[in-house]
Structure formats: structure tokens, C-alpha cells
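The values are calculated or read from the model by the stated rules, or taken from the named source; none is laboratory data. Computed from a prediction, not measured in an experiment: that's the story for all the values here. Every residue, glycine as well, gets a Cβ built from its backbone with ideal geometry; the counts of neighbours run over all protein chains shown.
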Amino acid sequence: MLIRPRRLRKSPIVRELVAETRLSKDMFIYPYFVVPGSNISHGIDAMPGISHFSVDTLLKDVEKSLKLGINKVLLFGVGEEKSEDASSAYSNKSVVVNAISGLKKEFGDDLYIVTDVCTCAYTTHGHCGILHDDYVQNDATVEVLAKMALSHAEAGADMVAPSDMMDGRILGIREKLDSQGFENTSIMSYSIKFASAYYGPFREAADSAPGKGDRKAYQMDFRNPNETMREAFLDEEEGADILMVKPALAYLDIIHRLKENTNLPVACYNVSGEYSMVKAAANNGWIDEQKVVMENMYAFSRAGANIIITYHARDILEKGWM
Ligand code: PBG
Ligand code: ZN
């Protein structure tokens, strides 16, 4: 036998030498849920280890994250007044706006702030847009999203991340931002976002479940890989800076295909359901949490993700898993 692949697996040193995939803490974006009020730090039942924070406690927790090397956060606003027209989503007094200003004042450019842009936590019906005759109105929703993105940019957000799946929203947001002098605010598009049951725990955390119906008339059908590329290329043409695939674990094929077909950075969102399944099994002693989490992280990277949005980031760095 001339060829013995096991030679290069013989010792830890040689395995490190030939490792084809490497992870870095710089790849991680860590999500935070911000609520109105003060002195709130309340664990989310369905997402062990993740909490709701008011702005004051958020500042303290982000300081801990920064010390661990997590310097990119994704903010979600929760618990704001809900209405038919989602007006609290683009208020310049929203909890997300307050969080951005507070974080920028405290940490300046040491922290990179990304914000989720969507109406579902701000509408009475829980849909990701303006509802009329039981249909989410595309163009009216894009206008609301653009206003929401602008309110975040004005407060100092570095990047906005629309998660609604309306057609044309990247262009709508880009034009709005540029018209107000925010041409340097980046857009990470939730380009390929599937209608997924893996968002379950998040909808509890964000109180954003649709009261009636589902999100299939805007989020993507997971049977359609070709359609994912159409969505991604449209976002690219409309000016997106980063393209995201969501969820991540059940869609490694899509991450890979996107990476092969775009020159933009590719992000993946390791969503709440994927996180909570691992946590539940680990808390029952059924799996080794560290090993499973790191196996998943390498899978995202190997598939082609340059950026990983994950609730596991804190554990990984706090517990020295990499
Ligand atoms: C809002 C939004 C959702 C997630 C991110 N932004 C939920 C949804 O679309 O229902 C899911 C994140 C997660 O599950 O961790 N549109
Ligand atoms: Zn939404």
C-alpha cells in the first residue's frame, strides 16, 4: 500500500497542521434581545442561557462579551407597543434605538452593531409586514422597513439586517439610507430565509408569532434550492453587502451553493431551534455540548460561511471551546 491517509491523522500536531477548516472568534455575531424598562435581566425559558435585557443591563452584558472577544452584536427589540401599522418599529425612541445610542456612547467603535429590521415584534397580528385582506402588502412593508432601518442608522447602527423577505426591500432600504447620508451603513440581507419551524423558541423570545396563518407567503419554501439563488442574486443587484442563509444546520447545502455562486461574504444564522435542541440534549446529559457545538460550527465554516450568527458564541469563548 503506497497511500495511507491515516499517516496525517497520527498525532494532534499533524492533525492541526493539515486541518482544512479553521474557526476564528472574528466570525461570530452574537444576538441580543432588548426590552423596555431598567434593571431587567430575565432568562428566556425556551432558550437556556439567553436573556431579555433592558438597555442598562445590556451594556453590562455586552462589556462581558467584549472582554471575551465578541465585538459584533445583532439586536432585536422586544416588548414594544404593537399596532396594525408597526409604527413603534421605526420610532426614534424605540428600545433598539436607545440600545444603539447607549452602546455607541459606552463602547464607540470597539463594538460593531447590527440590527434586525422586521415588523413582526411590532405588529398586533405578528406578521413581518403590513397586513391587508390577510395578505402582507409588499411595497407598503418595504416603506416601513426603510424607515425602521433609517432610525437605526441615525442612532449609529453599523449594519442593518432585514429579515422580512419582502421583494425589493434591499433596494428600498439602500435608497432610503443613501438619501439621508447613510451610504456607509451596511446591509446584511437575510437573503435566503426559509419558512422554518426552527424559529419556534425565538418567537417565544421575541413575542412575534403570527396570530393567524403562517409566513409561507413571504419566507421561502425549503423544497426549492434553485429559487434560493434567485433571491440571493436579486439582493446582490439591489446592493446588499452580505448575504445570509437561515436557518443554518438544516441548510448546509444552500450555504455551500451560495458560497460557490457569489463573491459577497456569506453569513449563516444558527437559529433558536437549532440552539435549543443542542441545549436540551446537553442539559439532559445526552450529548457532549462542547463537542456537538464545535462540530456544528466547523460544519458552517466548511460549508462556506464566512460569518456565523449564533447564540452559542458566548459559551464557546467563555468556556474556551476553541
Ligand atoms: C424576524 C426574525 C425571526 C428570526 C430572526 N428574525 C423569526 C421569524 O422570522 O419568525 C429567527 C431567529 C431565530 O430563530 O433565532 N423576522
Ligand atoms: Zn419578522
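Does Glu143 satisfy the condition of being under 19 Å from Leu75 (Cα atoms) and of a type in the set (Asp, Glu)? Spelling it out, it is not the case that Glu143 is under 19 Å from Leu75 (Cα atoms) and of a type in the set (Asp, Glu). Taking the stated definitions as given, is Lys259 basic (Lys, Arg), over 30 Å from Gly156 (Cβ atoms) and surrounded by 15 or more Cβ atoms within 10 Å (Cβ to Cβ)? For Lys259, the condition - basic (Lys, Arg), over 30 Å from Gly156 (Cβ atoms) and surrounded by 15 or more Cβ atoms within 10 Å (Cβ to Cβ) - is met. You will find that of Ile113, Ile70, Ile100, the residue that is among the hydrophobic types (A, V, I, L, M, F, W, C), in contact with a Leu (Cβ under 9 Å, 6 or more places away or on another chain), in a loop (DSSP other than H, G, I, E, B) and away from ligand 2 (no atom under 15 Å from the Cβ) is Ile70 and no other.
Table: residues versus (1) surrounded by fewer than 16 Cβ atoms within 10 Å (Cβ to Cβ); (2) under 13 Å from Met27 (Cα atoms); (3) within 16 Å of ligand 2 (Cβ to nearest atom); (4) modelled with pLDDT of 95 or more.
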{"site": "Ile255", "(1), (2), (3), (4)": "no, no, no, yes"}
{"site": "Lys291", "(1), (2), (3), (4)": "yes, no, no, yes"}
{"site": "Glu295", "(1), (2), (3), (4)": "yes, no, no, yes"}
{"site": "Ala313", "(1), (2), (3), (4)": "no, yes, no, yes"}
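Gly69 meets the conditions (1) in contact (Cβ under 8 Å) with a residue 60 or more places away in the chain; (2) out of contact with any helix residue (DSSP H, G or I) (no Cβ under 6 Å at 6 or more places or on another chain) in every case but one. The failed one is (2).
Of the residues making up region 70-93, those that are surrounded by 18 or more Cβ atoms within 10 Å (Cβ to Cβ), more than 25 Å from Leu111 (Cβ to Cβ) and either touching a Pro at 6+ places or on another chain (Cβ under 8 Å) or not small (Gly, Ala, Ser) (or both) number 1.
Okay, residues lined up against (1) assigned to a loop (DSSP other than H, G, I, E, B); (2) crowded, with 23+ Cβ neighbours inside 10 Å; (3) within 16 Å of ligand 2 (Cβ to nearest atom):
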position	(1), (2), (3)
Glu154	no, no, no
Ala157	yes, yes, no
Val160	no, yes, yes
Met165	yes, yes, yes
Ile170	no, yes, yes
Lys176	no, no, no
Lys193	no, yes, yes
Phe202	no, yes, yes
Ser208	yes, no, yes
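Would you be able to tell me the number of residues in region 270-298 that are within 16 Å of ligand 1 (Cβ to nearest atom) and acidic (Asp, Glu)? Here the count works out to 1. When region 40-53 is filtered for residues that are touching a residue at least 24 places away in the same chain (Cβ under 8 Å), part of a loop (DSSP other than H, G, I, E, B) and buried (at least 17 other Cβ atoms within 10 Å of the Cβ), the ones remaining, listed by number, are Ile44, Ala46, Met47, Ile50. Annotation note: of Thr115, Thr124, Thr141, the sole residue that is modelled with pLDDT of 95 or more, closer than 15 Å to Asp207 by Cα and polar (S, T, N, Q) is Thr124.
Applying the condition of being crowded, with 24+ Cβ neighbours inside 10 Å and within 16 Å of ligand 2 (Cβ to nearest atom) to region 262-275 and asking which residue is farthest from Tyr311 (Cα to Cα) yields Tyr269.
Residue under question is Ala161, and the condition is that it be modelled with pLDDT of 95 or more, aliphatic (A, V, I, L, M) and closer than 20 Å to Leu249 by Cβ; does it hold? Before you say what the answer is, go through the steps one by one.
On the way: modelled with pLDDT of 95 or more: yes; aliphatic (A, V, I, L, M): yes; closer than 20 Å to Leu249 by Cβ: yes.
Yes: the conditions hold for Ala161.
Could we say that Leu258 is of a type in the set (A, V, I, L, M) and free of Cβ contacts under 8 Å to residues at least 40 places away in the same chain here? Here the answer is no, as Leu258 does not meet what is asked.
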